[in-house]
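Notes follow once the structure below has been shown.
The values are calculated or read from the model by the stated rules, or taken from the named source; none is laboratory data. Only a predicted model underlies this, so the values are computations on that prediction, with no experimental measurement involved. Because the Cβ atoms are built from the backbone with ideal geometry, glycine has one as well, and the counts that use them run over all protein chains shown. Quick note on the areas: whole protein, heavy atoms, side chains included, nothing else; ligands and nucleic acids left out. Shrake-Rupley method; radii C 1.70, N 1.55, O 1.52, S 1.80 Å.
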Amino acid sequence: MAQLRGEQLAAHLERPLGPLYVVYGDEPLLVIEAGDAIRAAARRQGYSEREVLVAGQGFNWTQLAMAGGNLSLFGDRKLIDLRIPTGKPGRDGGQALQEHCQRLSSDAMTLVTLPELTWQDEKASWFQTLAEAGTVLKLQAPNLGELPQWIAGRLQRQEQSAETEALRFIAERVEGNLLAAHQEIQKLGLLFPKGKLSLEQVREAVLNVARYDIDGLREALLQGDLARLTRTLDGLRQEGEAPPLVLWAVTEEVRALAALKEGLNAGRPADQLFKEQRIWGPRQALVKRALGRLDAPRLRAALAQTAHIDRCIKGLGGGDVWDEFLRLGLSLR
């Protein structure tokens, strides 16, 4: 059994990949990012074919055997992307996973993605078989004491840095929520140039209190309330709010809706999907109503529209940015 820590993954992926990877943990953001990194490495190393299997309720586990046996006649290598949202494959799934481990070859690589597992799950025979046959990556969120350093590492990725007090300020504001920290870091990348950030700049971004606030815009978008959306956009424009920040907020909302819709259409449990997207409390009701109103094609089109707005902000596309925001809102009524 090979075990990796999160900080070892990048160096590991520079080497030839193994036949099986198991990624799981208590922080969905880290699990998603690790899976994306492994998939990207697989593409670079010639795994040009990919088959995604989502083992939700009613999943037919013979599909896993078929995926492993249905290899390309042209010699292309294949990535089998198996996702088990509940972390509990059941008796049939456990048996299928153990049999799959006996058929591993250099022509196909399997990536198994799981949520947080209990110690009993980790002792189950199906998981032990996976661990013995492949490489296991268990990802856990940093504790509050480690969070400032984690934030510093993320800032470094976008060629920014911040003084220690500013890092602690962000950590305290997000209260250990990595997705919230990730969003704040992205916001800093949009608002400020590369280089060192001052505490004042960080405070300005994190404590933005525009009269027509971003949260109100997100609510109006979810509700399909065109009148409120129009008023809020006009207010943000007059307040001098930065269009990249508005785009960030809107895009996060649309991406979450698209991911939820895709998961629901695949038969995945709603509770698990909401947990992955960090949607809690009263906001769930807003999101559920939006999902009832919007279908997958409209959400895909909305994501394409956010990409167009991004180009407009950068001066690479035609049209008024604020008019494009309104057009996006119209499409999601």
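Rounded to the nearest 20, the size of the Cβ-charge dipole of the stretch 152-306 about its Cα centre is 500 debye, with Lys and Arg at +1 and Asp and Glu at -1.
Scanning the chain for chymotrypsin sites (Phe, Trp or Tyr not before Pro) in DSSP loops with at most 12 neighbouring Cβ atoms within 10 Å leaves 75-279 as the longest stretch between them. Among ASN143, SER161, LEU332, whose Cα sits farthest toward the positive end of the charge dipole of the chain (+1 at Cβ of Lys/Arg, -1 at Cβ of Asp/Glu, about the Cα centre)? Working it through, the farthest residue towards the positive pole turns out to be LEU332.
Taking the charge dipole of the chain about its Cα centre, with +1 at Lys and Arg Cβ atoms and -1 at Asp and Glu Cβ atoms, the residue from ALA205, ILE170, SER48 reaching farthest to the positive side is SER48.
Taking all protein chains into account, the per residue accessible area for the stretch 92-214 stands at 53 Å² (1.4 Å probe). Among the trypsin sites (Lys or Arg not before Pro) within the stretch 193-262, those in coil by DSSP and having at most 15 neighbouring Cβ atoms inside 10 Å are LYS194, ARG211. Placing +1 on each Lys and Arg Cβ and -1 on each Asp and Glu Cβ, with no other charges, gives the chain a dipole about its Cα centre of roughly 620 debye. The residues of the stretch 234-333 present an accessible area of 49 Å² per residue when probed at 1.4 Å with all protein chains retained. Lys-Lys pairs in the chain that are eight or more residues apart or on separate chains and whose Cα atoms lie under 29 Å of each other come to 23. Surface analysis of the stretch 8-84 yields an accessible area of 49 Å² per residue, using protein heavy atoms and a 1.4 Å probe.
Would you compute, from DSSP H runs of 4+ residues alone, the mean residue ellipticity of the chain at 222 nm, taking -39500 (n - 2.57) per run and dividing by the full residue count, rounded to the nearest 500? The per-residue figure over the chain is -17500 deg cm²/dmol. Accessible area per residue was computed with a 1.4 Å probe on protein heavy atoms; HIS100 scores about 10 Å². Taking every C-alpha pair closer than 8 Å and separated by at least 6 residues, the mean separation divided by the residue count of the stretch 176-290 gives a relative contact order of 27 percent.
For the stretch 120-190, GluC sites (Glu not before Pro) are listed when DSSP marks them as loop and at most 15 other Cβ atoms sit within 10 Å of their Cβ; the list is GLU146, GLU159, GLU163, GLU175. Measuring only protein heavy atoms, the 1.4 Å probe finds THR164 accessible over about 90 Å². According to the square roots a ≥ b ≥ c of the eigenvalues of the Cα gyration tensor, what is the shape class of the stretch 1-133, taking rounded for a/c under 1.5, prolate for a/b larger than b/c otherwise, and oblate for the remainder? Oblate shape, in that a/c is at least 1.5 and b/c is the bigger or equal ratio. Sorted from longest to shortest, the spans of the Cα atoms of the chain along the three principal axes equal 64, 45, 40 Å.
In the chain, the portion of solvent-accessible area held by carbon and sulfur atoms comes to 49 percent [1.4 Å probe, whole percent, DNA, RNA and ligands not counted]. When each full DSSP H helix of the chain is screened for a Cα extent of at least 27 Å along its own axis and an average Kyte-Doolittle hydropathy of at least 0.0, the helices passing are 243-265. Largest to smallest in accessible area, the residues ARG173, ARG311, ARG278 fall in the order ARG173, ARG311, ARG278 (1.4 Å probe, all protein chains included).
Cα centroid separation, the stretch 296-333 to the stretch 85-109: 41 Å.
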